[in-house]
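Novice: To start, I am sharing the structure in question, which I have written as C-alpha cells.
Nothing in this text is a laboratory measurement; each read-out follows from the coordinates by a stated rule. Owing to the predicted nature of the structure, the values given are computational and were not obtained by experimental measurement. Neighbour counts run over all protein chains shown; Cβ positions are idealised from the backbone, glycine included.
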Amino acid sequence: MPDIMPDTLSAAADDLAALCSALVDGTITVAEQTRLEERLRCDRAARDAFRDFMQMESILAWELVNAAAPARQADAGKEPRSTGMVAWRRVALWLVPVVAAVAAAAVAPLVVSKPERGPAQGESAAAAPGFATLGDTTAAEWADGRVRAAGDAIANGPLRLTAGSAQLRFASGAVVTLNAPSEIEVLGGNRLFLRDGSIIPFVPPAAKGFTVVSPTGEVIDLGTEFSVSVGAKGETSVYVLDGEVDVASGHGSERSPVRMTQGFGSRLTTTQSGPEMTERPLVIDAFDGPTRALRWRDLDPSRATIVADGELRIPVEFRPDAIDDRTATRLAIDHDFSSLRGRRGVISFKVTLPHGGTTDPNRWLACVVDGGTGRLPMAFDADATLGVLVSPLFEAGVRIEGEAVKQTRVFARSEDAVGPYQVLITIDDTPAARERHGSAVAGVTVNGQELLRERPIELADRPRIGLQTHATPESSGAGVALVDDFSVSVSTDAE
C-alpha cells in the first residue's frame, strides 16, 4: 500500500504504518497487536504519530460516512450493518488495551468514538471509481509506482503525488491541480479530502459547492478558484483567487463558516476556534466599475491601454517603425507597494492572450516586479527582480534578474480553453522566510501548476509591479491581451 502516514509516523518506525493500517481495517493479529502496544509504550514519537494518524482517519471516516448516507438509506432493510461498521467496532475493542497500555487519554476520544468507515471497497462506496479522472500531468510520479494516463479513473483510497504536477477532473466539472508532494482522497463527484500538500481547485458555476476537507476544517466553493495547502500538523492555508468561498473550522456540526472573497487568505489550526485571517487585499480591481482601486501609467502612449467590458485591454503587436525594446507595450501599476517588504505578498490576476489576429506564437504577457526606479524593465532584463511570462500556447516561464529559471507547458483548465490563464505570484519577505533563506523568496503558479517554490529574490524597499506585452518582428497583425481581477494582497502581520 502507498505510504499514507504523517511525516512523524514515517520517521518513527519502519512497520508502524502497517500496524496502524491493520488496526484501522480490523485485520490486526494478536502478535501484531502485541508489537504495536510495545512500540507505543517505548517510543514517544510513535505515540505522537499514532495519535496524528488516528485523528486523520477519524476525520476521513466521518466524511465517507456522510457521503455514503444516501446509499445506505437506499439499501435500508437489505443489510442491517455495513462492513465498515463491523470493522470499526472491532477497532474499538482492540483499542481498549492499546489506549490503556500507552496511558494516552487524549487518544481515546479520537478513536473509540470514531464512526463507521463506510462501505468497503467493492460495495456501494462513497468514493467509488468514476467520480474523477486524471487530466494533464507534468513529470508526475505516484507513491504506489503506478503509471497513470490522462482519462484514467481515480479510484477510492489515498492518492499521493510524489513529484511533478497533475490535474484531476471531477464529474461535477471542477478541475483540481495537485502539486507534489501532496496526498488527496476523492470523497465524491464534488468533494475531496486533502491530507497534506497543496492544490488549486478551479470550479465553474456548474460545480458550485465543491468542497475541500482538510484535517482542521473545510473549504466550500461558491463559484471561484482558490488555493489550499495543508502542513505537517494539519494546519490549513486558504487563499481566494477569484469569487467567494466559505471557510470553516472543524467538521460536521462543529463547522463555523466564514465567507472570504478574492484577495483574502486564512489559516485553520487545531488551536483556533475559527479561521484566522492571514492576507487582506492591498489593491484589487475587477475593471468593471467607474471607480478603480488600481491606477497605471502607460509607458508607450502611442499604444495606450483601455478598460472595456470589465477588462484591461493591452495591445499586442509589432510595429516596423518601433525601435529597440518598444516592440513591447508596458505599463506600471501606479501604487505604493512598500507594504510587500517584511510581509507575505500575493499578486494574482487572469489574462487571456489573443489566439487570433496575430500570426506568430511568440507573443506574451509578463508581470514584472522590479526595484521601483527608472523605466520599467523588460522581463529578461537584469534589473527585473522577477518576471512571470505566459504565451497563448499554454506555455509559461519565470525569470529572476533576467535569467530564465523555469519554462514549461501549463495545464488548460477546460477541454477547449485558450484562456484565461490564472497567474499567482507569492513573495514572502517575513522574518521567518529571511531566517530560512537569507532573503525574500518567491513562488509562482499558472493555472494551478507550480512553476516556482521558495526561490530567493532581492526585494527592493519600494518595489514596483508592471505588465507588458510583447510580439516578435516576425509577427503580423495586432491583438489585445485581456487582464481581469488584478489583486495584490499582503499578510495581516509580519509573521
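Novice: Ranked by Cβ crowding within 10 angstrom, fewest neighbours first, how are Asp285, Asp309, Asp381 ordered? Walk me through the numbers before you get to the answer.
Specialist: Details: Asp285 23, Asp309 9, Asp381 16.
In increasing order of surrounding Cβ atoms, one gets Asp309, Asp381, Asp285.
Novice: If I model a spin label as a point 7 Å beyond the Cα along the Cα-Cβ vector, how far apart are those points for Arg462 and Ala153 in nm?
Specialist: 6.1
Novice: If I stretch the segment between Asp288 and Arg319 completely, what's the gain in nm (0.36 nm per residue apart, minus their alpha carbon distance), one decimal?
Specialist: On the way: separation 31, 0.36 × 31 = 11.16 nm, distance 3.02 nm.
Gain in length upon complete extension: 8.1 nm.
Novice: How would the stretch 422-495 be classified by its alpha-carbon gyration tensor: rounded, prolate or oblate, with rounded meaning a/c under 1.5 and the a/b versus b/c comparison settling the rest? Could the numbers behind the result be given before it?
Specialist: Working: a/c = 2.33, a/b = 2.18, b/c = 1.07.
Prolate, since a/c reaches 1.5 and a/b exceeds b/c.
Novice: So how do Arg169, Arg148 line up by other beta-carbon neighbours within 10 Å, fewest first? Please list the in-between numbers first.
Specialist: On the way: Arg169 20, Arg148 17.
Least to most surrounded, the residues fall as Arg148, Arg169.
Novice: Compute the Cα gyration tensor for the stretch 132-274, then decide on rounded, prolate or oblate, letting a ≥ b ≥ c be the square roots of its eigenvalues: rounded whenever a/c is under 1.5, prolate when a/b is larger than b/c in the other cases, and oblate in all that remain. Mind dumping the intermediate values first?
Specialist: On the way: a/c = 1.87, a/b = 1.44, b/c = 1.29.
Prolate is the answer for the stretch 132-274, as a/c is 1.5 or above and a/b outweighs b/c.
Novice: Summing Lys, Arg as +1 and Asp, Glu as -1, what charge do residues with Cβ under 9 Å from the Cβ of Ser165 carry, Ser165 excluded?
Specialist: Cβ neighbours under 9 Å give a net charge of -2.
Novice: Report the label-to-label distance for Ala478 and Arg295 in nanometres (one decimal), using points 7 Å from each Cα along the Cα→Cβ vector.
Specialist: 2.7
Novice: By how many nm would the segment from Cys42 to Glu435 lengthen if fully extended, with 0.36 nm per residue of separation less the alpha-carbon distance? Could you put the intermediate results ahead of the total?
Specialist: Values: separation 393, 0.36 × 393 = 141.48 nm, distance 3.54 nm.
Separation in residues times 0.36 nm, less the Cα-Cα distance, equals 137.9 nm.
Novice: Kindly list the residues of the stretch 139-163 that lie in the label zone of Ala18, defined by a backbone N under 17 Å from the point 7 Å along the Cα-to-C-beta vector.
Specialist: Under 17 Å, as judged by backbone N against the label point of Ala18, lie 144 of the stretch 139-163.
Novice: Now, a different point. Residues with beta-carbon under 11 Å from that of Pro420, excluding Pro420: net charge, scoring Lys, Arg +1 and Asp, Glu -1?
Specialist: -3
Novice: Can you grab the distance from the C-alpha centre of the stretch 171-236 to the C-alpha centre of the stretch 376-404, Å, no decimals?
Specialist: So the separation of the two Cα centres works out to 30 Å.
Novice: Please arrange Arg464, Arg191 by counting, for each residue, the other beta carbons lying within 10 Å of its beta carbon, fewest first. Mind dumping the intermediate values first?
Specialist: On the way: Arg464 21, Arg191 24.
Fewest to most other Cβ atoms nearby, the residues stand as Arg464, Arg191.
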